[in-house]
Amino acid sequence: MTVSNDDEALILASIDRFLERDVAPHAHALEASDTYPRDIVEQMKELGLFGATIDPEYGGLGLSAVTYAKIVERVSAVWMSVSGIFNSHLIMAAAVQRFGSEAQKRHYLPRFARGELRGGIALTEPDCGTDLQAIRTRAVRDGDAYVVNGSKTWISNSIEGQILAVLVKTDPQAQPPRRGMSLLLIEKGPGFEVSRKLEKIGYKGIDSGELTFDDCRVPVDNLIGEEEGRGLNQILAGLELGRINVAARGVGIARACLDESVAYAQVRKTFGKPICEHQSIQIKLAEMATRLEASRLLTEAAARAYDEGRRCDMEAGMAKLFATETAIHNSIEAMRIHGAYGYSKEFNIERYYRDAPLLAIGEGTNEMQRIIIARQLVERNPA
Amino acid sequence: MKILVAVKRVIDYNVKVRVKADGSGVETSNVKMSMNPFDEIAVEEALRLKEAGTAEEIVAVSMGIDRCQETIRTALAMGADRGILVQTEEELEPLAVAKLLKALVERESPGLVIVGKQAIDGDHSETGQMLAAILGWPQGTFASKLEFETDSVNVTREVDGGLEIVKLKLPAVITTDLRLNEPRFASLPNIMKAKKKPMETLTPAELGVDVTPRVTVVEVVEPPKRKAGIRVESVQALVEKLRNEAKVI
């Protein structure tokens, strides 16, 4: 389903209102105390954000990746943590929507869309992240249930959410290992424990948890797609949208850094003139703005390819790589432009500076993105 | 009861308005436009009346170019039931808007018309009053609270030195002040659903209204730039300047 430009404009206007009224005034205090933004989540439910990319047939909005990326950009420009609350939730929803059985879609998607059942995806383990085939969480079939044992870490929405799509090994001997990997929807219950909330330098407010599964019984009906051995492919398909979404977060932070810098550089004076009239600052602003624009265009191009159903791992990888490096670059430059105020906890710049590096690590490290891009270059251009 | 709400497309309140180089008006191309904030309050009040069971139907009306449909769609997404656009390229003055609204009132027979107390672009604050006058209806302007009785409404108005409460016999015209309510913003599902709500397009000619402007704008200029201040050496010099130059003490 496509969203017309008129609808997109209305949607973005509502998002802007929500951010201006319900997020911006509270972001500073919630982030400083690392508090989960419960009231904001309630507003997000009413706004319909938890169903943004879910098919209207199942109660969602069916927004395109292009529109979705613009929403993520706006949210992240105000407070990146808020985007994390619906981003990985929607990646979980996308896995159900693309690969789930009709019964699974009818059972879960409407509740996901309303935000009644919220969650995310659980892939990373204490000693494996990038190399997902090395996971050790095990699911053993026992009658009409799987018995899950293992642990996961850095899982967004795992403490406040009610359900996760968990990548497990159903056959640890399988060769290649991916044939033994499956994706299970696991709701909170006996044997599913959150062992602790992880402390981070940024990305505060959102719950990043460490989880333990101890003989956790999961009905076999919760196996996404009802067939074992498809989990890795199912999750990798969702990661394209995930990368577009992280790229959009990068665009958002990079823009916030630029906007605040452009405003501040006109107000702050040194040697009798606003610092925006000094070449050293002009060079920074020009570089920030150009990288931002390039990031936005790369992200939009990847989102468009995704919407058109084209292969977009290279495009999403490029967008993710460039936009997130731009976010880091712009946050450092914004800090230099703001001087001591940039370093101060009373202003936003230091938060962007702490939030941005996550983007280079999460959703596939930027080193990994370069490898994906290079492999695709070769594959698409055989000698 | 049916409620007619007028919504105007104006430059967004967050935009820094720039005067056109030729002084003919302000720059509106490539500028974010949105619903006049006082009209949002009008829509919100109508929605609350519907939710409370006082009203059954809300009709959102806008006037102007084709793009004013966006403003109507915003009202529909907030919860209005249907929309009417009176389409014209003509620059509409308050009297023309009032006459068009009168024609629509005669067509729709609403029990109440709610409009913003003023639009943030022209700042006329005339349309609601003119409409009440030409309809011969009572008016409750700058309303900060509405309380309905069977066939009347008590309107609280914020006036100098306190609150004034006027009782109007229905049908009536209300203009909204800032404190009447805090308008909701449209949820994304409601934006998608609003597409299916009916929107009718009419022209001033179809309504039999002549909207030819009667006022000529001579020139639009930026407000004068503030001059740089000066430092004075002593309190005495300051007092002297305040008294003799600024003439404020």
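Things to note:
- Against chain A, whose longest principal axis is taken from its Cα atoms, helix A:5-18 shows a tilt of about 80°.
- Qualifying GluC sites (Glu not before Pro) for region A:130-230 [loop in DSSP, other Cβ within 10 Å: at most 14]: A:E199, A:E227
- Calculated translational diffusion coefficient of chain B (37 °C, 0.692 mPa s; Stokes-Einstein with Kirkwood radius over alpha-carbon pairs) equals 165 µm²/s.
- Neighbour counting of Cβ atoms within 10 Å sorts the residues B:I84, A:I11, A:I159, fewest neighbours leading, into A:I159, B:I84, A:I11.
- In terms of Cα atoms, the Rg and Dmax of region A:5-114 work out to 14.2, 43 Å.
- Sparse-neighbour loop sites [trypsin sites (Lys or Arg not before Pro); region A:120-149; at most 14 other C-beta within 10 Å; DSSP]: A:R136
- Sequence-distant residues sharing a close amide H with B:M63 (under 5 Å, placed H): B:R9, B:V86
- Chain A - convex hull of the alpha-carbon atoms, volume per residue in Å³: 142
- The order of A:Y352, A:Y341, going from fewest to most other C-beta atoms within 10 Å of their C-beta, is A:Y341, A:Y352.
- As a proxy for reagent exposure, ranking A:V194, A:V82, B:V10 by other Cβ atoms within 10 Å from fewest up yields A:V194, B:V10, A:V82.
- Phi to ³J(HN,Hα) by Karplus 6.51 cos²θ - 1.76 cosθ + 1.60 over region A:320-337, Hz, x for Gly, Pro: 4, 4, 6, 5, 6, 5, 5, 4, 5, 4, 5, 5, 5, 5, 4, 5, 5, 5
- Antiparallel bridges, percent of DSSP beta bridges restricted to the protein assembly as shown (to nearest 5): 60
Only the coordinates and a few stated rules stand behind these numbers; no lab work does. Computed from a predicted structure; not experimentally measured. Reconstructed Cβ throughout: ideal geometry from the backbone, glycine too, with neighbour counts over all protein chains shown.
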